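So the structure is just underneath, and the comments pick up after that.
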Amino acid sequence: MTTEIAPRPSREDPAEHPTAAGRFAFRLPVPPVSGVLRPRLLAVSLLLAATAFVLFCVETSVGDVALPLTDVLRALVGASDPATELIVHELRLPRALAGLLVGVAFGVSGALLQTMTRNPLASPDMIGITQGAGTAVVAGIVLGWDGGLGTQALGLLGALTAALAVYVLAWKRGTTGYRIVLVGVGVAWICTSATDYLMAHGQRFQAQAALGWLVGNLNGRSWDQITPLAAVMALLVPLAVLLGRQMRTLELGDDVARGLGTRVQTVRVAVLLAAVGLVAFGTATAGPVAFVALAAPQVAQRLAGTASPPPVTAGLTGAAMVLGADLAARKLIPGTELPVGIVTGVLGAPVLLWLLVRANRAGSGG
């Protein structure tokens, strides 16, 4: 009888070999950092960043006085004439920045919620968070219940209230993604009904102002609206990236995640708060721009070829979607500037139908 001795596992540096198809492990001695590099994800993110930057520049060049892209680039770095810099910095840059930041905020927020719940339909505008922010802002406009607060504070208050209601109502010895989605749909309809009631009982001028905001609009944005959103994103986007490892363990199921040492409910609360903060300030800045938080993570996931929506890539996809939709809204009908939310709604509705059909074919559509 002969006995075969199994080869000993290799102890070579993992940076020398791919860990899986399309992924490579790396380890740096100084500083002591290790991780997994995904070339496809990196390439897609860089391509989306370049696309968003080009759309941002084109958005800044469009207006009553058309500007060449070279003049826009010079104005952005302060190397143009005073008249061009005035047009770019004071009149057009706030709108373009609003589109860029709102798209990133909605994309990252949608990616967080879809990963946490393991459901592609779990976006802020599907589970009531966006609607809660909208109800609070409309109440402030129509009823004058702002108490001196701005739209950012009102949006955050409404979104937090809706998210708390969803979390509490979905609690049953813990929460699951399935219950969060079901309860969230109900809370979304409650908030939508409350908003419709406020619109019906508001004065004509107030109702028109609220309606212009509710469809999602980048027109007339100012630096006072951009600054709070940028500050919040500087805090919450890095937090979303740091939560990535814990969210990946949640995809394996609650029991497996607990076995790996993940505090499941703590991570869910942290993810929910980060997603709520991003969508609340984004909604307060530009209104509830429809379907961006739903579609951007799914598009990013398929472009990157990952198992779940990558937050940064989803944010870049959202930025490109909002900027592209706003350009289409400004040029689709000559002489008329449509709200950006109308264009994203028209483009996002087929994505929703496709996700529903796909879920039904997979046996998870109910």
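The values are calculated or read from the model by the stated rules, or taken from the named source; none is laboratory data. Everything numeric in this text was worked out from a predicted model, so none of it was measured. As a convention, Cβ positions derive from the backbone with ideal geometry for all residues, glycine included, and neighbour counts pool all protein chains shown. Each accessible area value is taken on the protein alone, full model and side chains, heavy atoms only, with ligands, DNA and RNA left out. Shrake-Rupley method; radii C 1.70, N 1.55, O 1.52, S 1.80 Å.
Data overview
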{"item": "Segment 55-99, subset charged (D, E, K, R) and not in a helix (DSSP H, G or I), residue nearest to V340 (Cα to Cα)", "result": "D64"}
{"item": "Within segment 117-133, tally of residues that are closer than 12 Å to G282 by Cβ, part of a loop (DSSP other than H, G, I, E, B) and open to solvent by less than 10 Å² (accessible area, probe 1.4 Å)", "result": "1"}
{"item": "Which listed residue, of L229, L236, L211, is open to solvent by 30 Å² or more (accessible area, probe 1.4 Å) and either under 19 Å from S109 (Cα atoms) or in a helix (DSSP H, G or I) (or both)", "result": "L211"}
{"item": "Test: V77 is farther than 22 Å from F281 by Cβ, out of contact with any helix residue (DSSP H, G or I) (no Cβ under 6 Å at 6 or more places or on another chain) and in contact (Cβ under 8 Å) with a residue 40 or more places away in the chain", "result": "no"}
{"item": "V102 vs. criteria touching a Gly at 6+ places or on another chain (Cβ under 6 Å), modelled with pLDDT under 85, buried (at least 24 other Cβ atoms within 10 Å of the Cβ) and outside any strand (DSSP E or B)", "result": "no"}
{"item": "Residue check, G282 surrounded by 22 or more Cβ atoms within 10 Å (Cβ to Cβ) and at pLDDT 85 or above", "result": "yes"}
{"item": "Selected residue [open to solvent by 10 Å² or more (accessible area, probe 1.4 Å) and of a type outside the set (A, V, I, L, M)] from G315, G305, G287", "result": "G305"}
{"item": "Test result for V108, open to solvent by less than 30 Å² (accessible area, probe 1.4 Å), at pLDDT below 85, part of a helix (DSSP H, G or I) and in contact with a helix residue (DSSP H, G or I) (Cβ under 7 Å, 6 or more places away or on another chain)", "result": "no"}
